[in-house]
Amino acid sequence: MVPVHDARPTLPALVDALAGQSAPGGFEVLFVDDGSSDGSAEWLAGRCEGRPGWRVLRQPQQGPAAARNRGLAESTGNVVAFTDSDCAPDPGWVEAIAAAFAPDPALVGLEGPTYTSPPARSPFDHFQDLPEGGFWATCNVAYRRAPLVDLGGFDPRFPYGHEDTELAIRARRLGPLRFEPAMRVNHPP
């Protein structure tokens, strides 16, 4: 699941990375366009055509937490993985998530390493470099859907940040969360 707001320049790398994923039994991709005005939704709609399970949902701008909640409400899988519109999951990302959840029905959530490539050019570049996780940033997390629904999803009172870490704090009360080194995501600057 990917929230999108005026992200047209970064979408090609993301779509290419998601198109290269596979998982036993398949998977769906939901883009939630949060009121873009740069043609992101239309561009994504064209890339979703002919791809079973790929959809673009649209809503007026309400922030990433609300966009993720909209996607959660419309998702159909037992596990929901999140990344951001300026990221590119490594090949095998979806398979790593599925493999990590499969043997442990009590596992509530996973976080993987996020790296920056190429390196940031200045301290003012936006990037995430979290090789060991720790923040439960939605650029690279996955949760079982049922506990996420039970928790009410992300708190939309966090309009632009930290809703992901706050959700992880609540999710820990429902069961274990762990770090999965095989689920890697690139967050370019």
In the set Glu95, Glu111, the lone residue that is at pLDDT 95 or above and open to solvent by less than 30 Å² (accessible area, probe 1.4 Å) is Glu111
Would it be correct to say that Thr116 is surrounded by fewer than 20 Cβ atoms within 10 Å (Cβ to Cβ) and β-branched (Val, Ile, Thr)?
yes
Take the conditions closer than 17 Å to Leu72 by Cα and open to solvent by less than 60 Å² (accessible area, probe 1.4 Å) and apply them to Asp125. Does it pass?
no
Per the filter on the range 166-185, residues on the phi < 0 side of the Ramachandran plot and in a loop (DSSP other than H, G, I, E, B) are Arg172, Arg173, Leu174, Pro176, Glu180, Pro181, Ala182, Met183, Arg184
Matching residues in the range 153-189 (free of Cβ contacts under 8 Å to residues at least 24 places away in the same chain, open to solvent by less than 70 Å² (accessible area, probe 1.4 Å) and more than 22 Å from Asp86 (Cβ to Cβ)) number 1
Looking at the range 162-178, can you tell me whether even one residue there is farther than 21 Å from Leu107 by Cβ and under 16 Å from the mean Cα position of the chain (by Cα)?
yes
Taking the range 13-37 and keeping only residues that are modelled with pLDDT under 95 and open to solvent by less than 30 Å² (accessible area, probe 1.4 Å), one is left with Ala23
Flagged in the range 117-165 as among the charged types (D, E, K, R) and outside any helix (DSSP H, G or I), in numbering order, are Arg121, Asp125, Asp129, Glu132, Arg144, Asp155, Arg157
The residue that is surrounded by the most Cβ atoms within 10 Å (Cβ to Cβ), considering only those in the range 1-12 that are under 19 Å from Thr116 (Cα atoms) and β-branched (Val, Ile, Thr), is Val2
Pairing a residue in the range 99-114 that is more than 17 Å from Trp136 (Cα to Cα) with any residue that is at pLDDT 95 or above and part of a loop (DSSP other than H, G, I, E, B), where Cβ atoms lie under 8 Å and the two sit 6 or more apart in sequence or on different chains, gives Ala99/Ala182; Asp104/Pro176; Ala106/Gly175; Ala106/Pro176
inquiry  = Would you confirm, using the coordinates I've provided, whether Arg47 is farther than 25 Å from His162 by Cα and touching a residue at least 24 places away in the same chain (Cβ under 8 Å)?
reply    = yes
Requiring at least 3 residues that are more than 14 Å from the chain's Cα centre (by Cα) and not polar (S, T, N, Q), the helices (runs of 4 or more DSSP H) wholly within the range 21-116 are 40-48, 93-101
Residue set Ala100, Ala106; condition open to solvent by 40 Å² or more (accessible area, probe 1.4 Å), farther than 21 Å from Ala7 by Cβ and either out of contact with any strand residue (DSSP E or B) (no Cβ under 7 Å at 6 or more places or on another chain) or not β-branched (Val, Ile, Thr) (or both); output residue Ala106
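The values are calculated or read from the model by the stated rules, or taken from the named source; none is laboratory data. Please read these numbers as outputs of a predicted model, since none were measured by experiment. Don't worry about glycine lacking a Cβ; one is built from the backbone with ideal geometry, like all the others, and counts go over all protein chains shown. Please note that ligands, DNA and RNA were not included when accessible areas were found on the heavy atoms of the full protein model with its side chains. Shrake-Rupley method; radii C 1.70, N 1.55, O 1.52, S 1.80 Å.
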